[in-house]
1. For segment 42-73, give me the residue count where each residue is surrounded by 14 or more Cβ atoms within 10 Å (Cβ to Cβ) and under 20 Å from residue 93 (Cβ atoms).
2. Working only within segment 119-140, note down all residues that are closer than 21 Å to residue 57 by Cβ and surrounded by 13 or more Cβ atoms within 10 Å (Cβ to Cβ).
3. Regarding segment 111-120, can at least one residue be identified that is closer than 21 Å to residue 27 by Cα, in contact with a helix residue (DSSP H, G or I) (Cβ under 6 Å, 6 or more places away or on another chain), in contact (Cβ under 8 Å) with a residue 24 or more places away in the chain and assigned to a helix (DSSP H, G or I)?
4. Tell me, which helices (runs of 4 or more DSSP H) lie completely within segment 8-83 with 1 or more residues that are over 28 Å from residue 129 (Cβ atoms)?
5. Read through the list (1) out of contact with any helix residue (DSSP H, G or I) (no Cβ under 8 Å at 6 or more places or on another chain); (2) in a strand (DSSP E or B), then give the number of the only condition that residue 106 fails.
6. Quick check: anything in segment 98-114 exposed (fewer than 12 other Cβ atoms within 10 Å of the Cβ) and at pLDDT 95 or above?
7. Among the numbered criteria (1) loosely packed, with under 11 Cβ neighbours inside 10 Å; (2) under 22 Å from residue 152 (Cβ atoms); (3) modelled with pLDDT of 90 or more, which one does residue 77 miss?
8. What pairs come out if I take residues in segment 130-149 that are modelled with pLDDT under 95 and pair them with residues that are in a loop (DSSP other than H, G, I, E, B) and loosely packed, with under 11 Cβ neighbours inside 10 Å whose C-beta lies under 9 Å away, six or more apart or interchain?
């Protein structure tokens, strides 16, 4: 494996700190550059993630706010504001669940589906640029390690 650190003999604490700091930086860069990638389309990175989650075939009939919150790993409180703005703009709707009339599901509207299609090319270009130099197998392995990290953190 290639040595990515210019310093030798780093301690485990130094490596751990560097790793988590890099994740923090990557998240900030995703927010900044992702927003720039969608400039002029009026979509934030938070809205992008909600639209993407709801655009999946598994979510065609909608998702409860609780399930969407769990899927995106965000609090219901944070998600509510994003959903309110998307609903206000006509991209999502909250509808009564046909199977359980007491429950409500969030789903894309026709306008939301059209917006997601409009976002596809800029998002794809962003992903391709961000993952440049990583093979398909590298990307799969990266997903594996991020999933493991997320699982470990959720169990703390």
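1. Residues of segment 42-73 that are surrounded by 14 or more Cβ atoms within 10 Å (Cβ to Cβ), as a first pass: 43-55, 59, 62-65, 67-69, 71-72.
This time we only want the ones that are under 20 Å from residue 93 (Cβ atoms), so: 43-44, 46-55, 59, 62-65, 67-69, 71-72.
Result for segment 42-73: 22.
2. Hits for segment 119-140 are 119, 123, 127.
3. Of segment 111-120, the ones closer than 21 Å to residue 27 by Cα are 119-120.
Checking which are in contact with a helix residue (DSSP H, G or I) (Cβ under 6 Å, 6 or more places away or on another chain) leaves us with none.
The answer is no, given that none of the residues of segment 111-120 is closer than 21 Å to residue 27 by Cα, in contact with a helix residue (DSSP H, G or I) (Cβ under 6 Å, 6 or more places away or on another chain), in contact (Cβ under 8 Å) with a residue 24 or more places away in the chain and assigned to a helix (DSSP H, G or I).
4. Details: elements: 12-37, 45-55, 65-72.
By residue number, 12-37, 65-72.
5. Condition not satisfied by residue 106: (1).
6. Quick first cut of segment 98-114, residues exposed (fewer than 12 other Cβ atoms within 10 Å of the Cβ) only: 98-102, 110.
Right, trim to at pLDDT 95 or above and you get 110.
Scanning segment 98-114, I find at least one residue that is exposed (fewer than 12 other Cβ atoms within 10 Å of the Cβ) and at pLDDT 95 or above, so the answer is yes.
7. (2)
8. none
The values are calculated or read from the model by the stated rules, or taken from the named source; none is laboratory data. None of the values given here were measured: they were computed from a predicted structure. Glycine gets a Cβ as well: all are built from the backbone with ideal geometry, and neighbour counts include every protein chain shown.
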